[in-house]
1. Using the Kirkwood radius built from alpha carbon pairs, what does the Stokes-Einstein equation give as D for region 216-267 at 10 °C and 1.306 mPa s, in µm² per second?
2. With Rg and the Kirkwood Rh both taken from Cα atoms, where does Rg over Rh land for region 1-134?
3. When only C-alpha pairs under 8 Å and at least 6 residues apart count, what is the relative contact order of region 11-135, in percent?
4. First obtain the Kirkwood hydrodynamic radius of region 275-319 from its Cα pairs, then insert it into the Stokes-Einstein equation at 10 °C and 1.306 mPa s, and state the resulting D in µm² per second as a whole number.
5. Kirkwood Rh and Cα-based Rg: tell me the resulting Rg over Rh for region 64-207, rounded to two decimals.
6. Tell me, what is the percent relative contact order of region 206-360, built from C-alpha pairs under 8 Å that lie six or more residues apart?
7. Sort the following peptides by mean Cβ neighbour count (other Cβ atoms within 10 Å, averaged over residues), highest first: 109-116, 134-141, 38-45, 342-349.
8. How large is the convex hull of the Cα atoms of the chain per residue, expressed in Å³ as a whole number?
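Read-outs: derived from the displayed coordinates by stated rules, not from any lab. This one's a predicted model, so the numbers in the text were calculated from it and none came from an experiment. With ideal geometry, Cβ positions are generated from the backbone for all residues, glycine too; neighbour counts draw on all protein chains shown.
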Amino acid sequence: MDTISFARGVPAPECLPVEELADCARAAVLADGAAALSYGQTSGYVPLREWVAERHGTSAGRVMLTNGGLEGFAFFAQALCKPGSRVLTELPTYDRPLKLMQGLGVDVEQLPMDDEGLDPDALADALARGPKPAFLYTIPTFQNPSGRTLSAKRRHRIVELARAHDVLVLEDDPYGEVRFEGEAPPTMFSLDEAVVYTSSFSKTVAPGLRVGYFIMPPSILGKVEGVANGTYISPGMLAQATVYEFLRRGNFEPNLERVRSLLGGRRDAMLDALDREFQGRATWSRPEGGYFVWLEVPGVALGNDLLKDAADAGVVFVPGADFGGPASSARLAYSFVSPDEIREGVARLAALTLAAAPAV
Ligand SMILES: Cc1ncc(COP(=O)(O)O)c(C=O)c1O
């Protein structure tokens, strides 16, 4: 029996524009080989920085490109934190930044969220006590792992709170463009240019390119660039020049439409299957985009023991506890698997989980 993976938060192979990128890589070398094949500026390939700046209505001097957003996060945290620094984030949140910060000796405080995203009252309480945080790390749109989106009203309130307490906000937004329906709330960065904004081309073009970006006030950019320069001199220029060529040809929007439609169908398949198989005995988020659904099954520990049984039954997921979430929670990614696999995988998972649930 093939294992169906709801654990892999990666795009299905059909999402990747393989032929077009092959052509763009070749064209990038032929058109601008001297830049694409040498060391470049630590902040990245200039034409791509300019494209990002224009898209976000800012100046290229505020944009830094990195080998994926996660690497940028590592540099950012190294530049801003020291052992014992306090960082606020959501509960649950993306596990890799959590681990990176643990490695730096950072004191991470996870604040509650609900279906409307991070709870601003909990943030206000946290800001009223304890040492001033180095930053607030938030993933406001189609959050990893919960799939939830911070409401527009809360975005305003959180930006105001951060401003009042002079606390830096890091808005991590790799999924915002992967919207299937509904109206996008404003980015927090668009509400206040003091917010540091990060995204990447991993979900909109291809993760293997490893091209991400940060938009930062110049004083912070200088510090982050210092860490990057000491680590790798410059990021991979060829990948950045390839992405730029892809964008220059006008491929970004059509490709995004294709990705949205592919993944939207998978999101629908997952929500339908959850409705059908769990019969009201669990709750889950209903994202309008992104990769993830957050499942909670009251009274059932969706931890490593159940994961082992699930793997034997041919389905895997990530326990919510890996993201700081409760034992009864799990992250289900619908991005990698086909709609048929999603239906079968949810049926396997529900059979196992409901057998372990307390009688109703
Ligand atoms: C919330 C979030 N931020 C950042 C990243 C890192 O993306 P990349 O390094 O591929 O740009 C991911 C990847 O899954 C993510 O989910």
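1. Rounded to a whole number, D works out at 114 µm²/s.
2. 1.06
3. 17
4. Answer, rounded: 133 µm²/s.
5. 0.93
6. Reported relative contact order: 23 percent.
7. 134-141, 342-349, 38-45, 109-116
8. Numbers: hull volume 49.6 nm³, N = 360.
Here the figure is 138 Å³ per residue.
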